Amino acid sequence: MKTIKLGSSSLEVPVVAVGCMRINSLEKAEAERFVQSALEEGANFFDHADIYGSGACEEIFADAIHMNAEIREKIILQSKCGIRQGMFDFSKEHILDSVDGILKRLKTDYLDVLLLHRPDTLVEPEEVAEAFDKLESSGKVRHFGVSNQNPMQIQLLEKAVKQPLVANQLQLSITNTTMIQSGINVNMENDAAVNRDGSILEFCRLHDITIQPWSPFQYGFFEGVFLGSDKFPELNQKIDEIAEKYSVSNTTIAIAWLLRHPAHMQPIIGTMNINRLKDCIKAGDVTLTREEWYAIYRAAGNILP
């Protein structure tokens, strides 16, 4: 699989990350087959969070991959912390406790990447900095990032945090393109011109922060999958047409659309279906033309000014 640099780090990562939020839906043997198939395809970057399955997803993954020192060096592990029931918590104590729990469940001594999961409006950047310093010096975490944060929130953290923030996990798909729309509709009096993300797309490109699109097949907020949906007939017709040209599936084209963007994104793929994961991985070998990219964008209902 093709690789990219994760943010400003020296870490080489696959262009597609395997999201493990739903691995608890698989039986033990199924989970083992899924993880092994991912590794065989070169998809060795696995994305977790301490809230996925209330921690069970990390435990299931560790068992499925038969975690040991040899296997650990062949994979890249990312997890997230900061979401608690009814609140967000970026306190030093919670971050440190969360990482200890993550490492125990994943049966490993370190994370390659730790992300702060969504923004905590009560964040004290100095506390985050203390936590990051301790995690780095102890060897428990090698790289750090955030999720769903805008430029000012990132800069607020950077006021105190000395480690580079290498990734920002953001919702993005062909049908959820606010961060793209506002950049295309600058100075226009329409809804698409509303800057809901603080120009996060351009900010991440300027500051070498890798955007990791989550829910790349969803429309709305987990309302459903747009592929094959009768709510998006024009979009599906266009995707299917381009998929036929490249002799790939519509799934491959949906991911290729994200990878075509020069921001060098790393989509988080949440499927637990082996064949669909393979289709996602094939997207790394498909480079859409500029005409095809914009045709898909317009077919999703976006109007160019």
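The values are calculated or read from the model by the stated rules, or taken from the named source; none is laboratory data. Keep in mind that what you see is a predicted model, and the values were worked out from it rather than measured. Reconstructed Cβ throughout: ideal geometry from the backbone, glycine too, with neighbour counts over all protein chains shown. Areas reflect the complete protein model, heavy atoms only, side chains present, ligands, DNA and RNA absent. Shrake-Rupley method; radii C 1.70, N 1.55, O 1.52, S 1.80 Å.
Applying the Karplus relation 6.51 cos²θ - 1.76 cosθ + 1.60 with θ = phi - 60° to the range 288-305 yields 3J(HN,Hα) values of 5, 6, 4, 4, 5, 4, 5, 5, 5, 4, 5, 5, 7, x, 7, 9, 7, x Hz, where x marks Gly and Pro. Solvent exposure of the chain, expressed per residue, is 46 Å² of accessible area, with all protein chains present and a 1.4 angstrom probe.
Surface composition of the chain: carbon and sulfur atoms hold 48% of the protein heavy-atom accessible area at a 1.4 Å probe. Amide H to amide H, with H built 1.01 Å from N, residue 21 comes under 5 Å of no residue 5 or more places away or on another chain. Only lysines eight or more places from residue 245 in sequence, or on another chain, were considered; those with a Cα closer than 19 Å are 278, 282.
Excluding residues on the same chain fewer than 8 positions from residue 159, give the lysines whose Cα lies under 17 Å from its Cα. Once the sequence-local lysines are set aside, what remains near residue 159 is 92.
Close amide-amide hydrogen proximity is noted between residue 212 and 168, 169, 170, 266, each under 5 Å apart and 5 or more residues distant or on a separate chain (H modeled in the peptide plane; Pro and chain starts excluded). Of all DSSP-defined beta bridges confined to the chain, some 25% are antiparallel rather than parallel. Backbone amide hydrogens, once placed in the peptide plane, bring residue 141 within less than 5 Å of 111, 136, excluding anything fewer than 5 places away on its chain. For the range 44-58, the Karplus equation 6.51 cos²θ - 1.76 cosθ + 1.60, evaluated at θ = phi - 60°, returns couplings of 9, 9, 10, 9, 10, 7, 5, 8, 5, x, 6, x, 5, 5, 5 Hz by residue, with Gly and Pro reported as x.
Ordering 275, 45, 10 by Cα displacement along the dipole of the chain toward the positive end leaves 275 in first place; charges were set at the Cβ atoms of Lys, Arg (+1) and Asp, Glu (-1). Note that the range 74-81 has calculated 3J(HN,Hα) couplings of 9, 10, 10, 10, 10, 9, 10, 8 Hz, one per residue in order, obtained from phi through the Karplus relation 6.51 cos²θ - 1.76 cosθ + 1.60 (θ = phi - 60°); glycine and proline are x. Where a Cα-Cα gap under 17 Å defines reach, which lysines qualify for residue 104, not counting those fewer than 8 residues away within the same chain? By straight Cα distance, residue 104 reaches 80, 140.
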